[in-house]
Amino acid sequence: MRARFRILSLCSIATMCLAAGAHAALNISTDPTQNMNCSGGVCTATAKAAVLNVHDLTDMLASGDLKVATGNSGAQDIHVATPVTWTSASRLTLDALHSIVFGQAVSVAGSGAVTLITNDGGTGGDYWFLSAGSISFWDLKSSLIINGQKFTLVNDISSLAKKIAGKPAGHYALANSYDASVDGAYKHSPVTTVFTGTFEGLGNAIQNLTIAVPSENLPLVGLFAQSAGTLRDTNLPNVSLSKKFFGDTSYGGALVGENDGSVLRASSSGIIADAGDMAAGGLIGINRGQVANASSAVGGGIGGLAVNNYGVITQSFATGDTPGSDAGGLVYYNDGKGSITLSYATGDATAETAISKYGNAGGLVGVNYGDIAQSFATGAITAKGGGKTTAGGLVGLSGNGVISQTYATGAVINRKKAIVGGLVGELGPKASIQQSYSVGAITVGGSSLAGGAIGYDKSSGQQIKDLDWDLDTSGIDDPGRGAGAPRNDPGITGLTDDQLKSGLPDGFDPKVWGQDPNINNSYPYLLANPPPDNAPREGTIKARRRG
């Protein structure tokens, strides 16, 4: 029996789904002040829906320090919904029960100061910056305090690198957006010291960063070579990474070569060109720590967001294309210790084995040995053959781990010889799949092994449960070819396009999955990770084939 579930609300991981919403927030906006008590330099909300007019706020800042607080009114978050600017030396304190959301810019145009306090009586909150949100300072001597921690302000890459070299465990914040084109092309990572402190971008951008590594061997390449600290709220638009051929492979990413700490709400766009012997990701080379709410639109690497993942990646996405002999739309290699949740990729991935004997490409992950949950991929996957090539709409080769509650909609195309599947190219003996489906068209040639959902299933068959593929859109309409091998693989079901669009497949949890004719072309989608309305596509591709 098939059940139909219509979603009641929709939130995007790109905006993090505000925990409380406007009905339980103190909004700083152009609307008239209401449900606020302002006295003695303190403005406190008196109801869960409150407004502080921005002109009232700046008038009070003109005469002294001002604290804006949610208090015990029922309001949980503070939303900055309009630009805020003041020129006096006054301090603005934002004190929230839960979170502070910067939807617009806050500009300290004089010698003023800012204090942010989150989770003041609540738990699970944070502060973050939406696309138009930021905090900027005119005076680098201004004070910035976030949850009791004082930050040193910097306004260029050189100053940041020097300060970190002197105090690697320090806490630094980017005072303004910075155009790195004035620096020319860096021949190595700008910050070479292993960083163990906090770098807070405040929603500001470091744009036009170019790192063109010459022939010397550098193991880690990025704005930061290696970080065991926290890198957050940093935007890197129009980045360019390149490296000439030389010896051992290095790992690179726009933000950091190796992350051993946390990367939170960071983003990048640009190109990886002539990667040489550098395995490059759009944002991170190697991740051994935590990555959350991060994104990349960098094209040309082998991993849309990161190359190798040994840690945790959650609520993140990539939109750049990933070419070469090995490629993953989000991550190329997900280790047995790695996990990917609530994430997606929209870029195209290519596996080409003209040089190497093996190639693996997946819309989300090229090679997987870890866990993947509540994630999806929409890009086209191309296997160009030569040697052994695996390609899948979601994962190229899954040697181990659990793939749960996932889907792939991109075409899987083979031009020569390959193992291809709508969801996974090859599934290993210890790997498993559950509550997943694929709908992409599968085009094969030569002596390829192709299945509607899996190309080659090496598992016992008991590890597959509630796996479906579209008999109509895939072009594989034989119900026995859910896997290219073995035939009639248990746990895999072919459904017509109408069946997939008319209700959730059997075994799909309605608490996890939704269905709506206006979302995801009527196919099932993940309630906690809905598809973007208009996924951006950026990045011109030029990268070497890896052997």
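Numbers for the structure displayed
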read-out	value
At R0 = 51 Å, FRET efficiency that the Cβ-Cβ distance of residue 123 and residue 162 yields, to 0.05	0.85
Unit Cα scatterers, Debye sum, the stretch 378-482: log10 I(q)/I(0) for q = 0.16, 0.17, 0.20 Å⁻¹	-0.56, -0.63, -0.88
Cα-based Kirkwood hydrodynamic radius, the stretch 31-108, one decimal, Å	12.4 Å
Cα-based helix-to-principal-axis angle, 157-166 vs the chain, degrees rounded to 10	80 degrees
Relative contact order of the chain, pairs being alpha-carbon contacts under 8 Å that are 6 or more residues apart, as %	8 percent
Degrees separating the helix 54-63 axis from the principal Cα axis of the chain, which is the longest one	40 degrees
Separation of alpha-carbon centers, the stretch 513-530 and the stretch 87-159, rounded to whole Å	37 Å
Cα gyration tensor, the stretch 292-367 - rounded (a/c under 1.5), prolate or oblate	oblate
Hits among lysines - C-alpha to C-alpha of residue 501 under 22 Å, sequence gap 8 or more where chains match	465, 511
Fraction of alpha-carbon pairs over 40 Å apart in the chain - percent	29 percent
Residue 130 accessible area, assembled protein chains, probe 1.4 Å, Å²	50 Å²
Accessible surface of the chain, 1.4 Å probe, proportion on carbon and sulfur as whole %	49 percent
Qualifying trypsin sites (Lys or Arg not before Pro) for the stretch 129-228 [loop in DSSP, other Cβ within 10 Å: at most 14]	141, 187
Computed [θ] at 222 nm, deg cm²/dmol, the chain (DSSP H ≥ 4; -39,500 (n - 2.57); rounded to nearest 500)	-1500 deg cm²/dmol
Accessible area expressed per residue, the stretch 412-522, with surrounding protein chains retained (probe 1.4 Å, Å²)	40 Å²
For the stretch 208-266, projected area of the alpha-carbon convex hull averaged over all directions, nm²	3.9 nm²
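The values are calculated or read from the model by the stated rules, or taken from the named source; none is laboratory data. Owing to the predicted nature of the structure, the values given are computational and were not obtained by experimental measurement. When we count neighbours, we look across all protein chains shown, and the Cβ atoms used for this are built from the backbone with ideal geometry, even at glycine. Quick note on the areas: whole protein, heavy atoms, side chains included, nothing else; ligands and nucleic acids left out. Shrake-Rupley method; radii C 1.70, N 1.55, O 1.52, S 1.80 Å.
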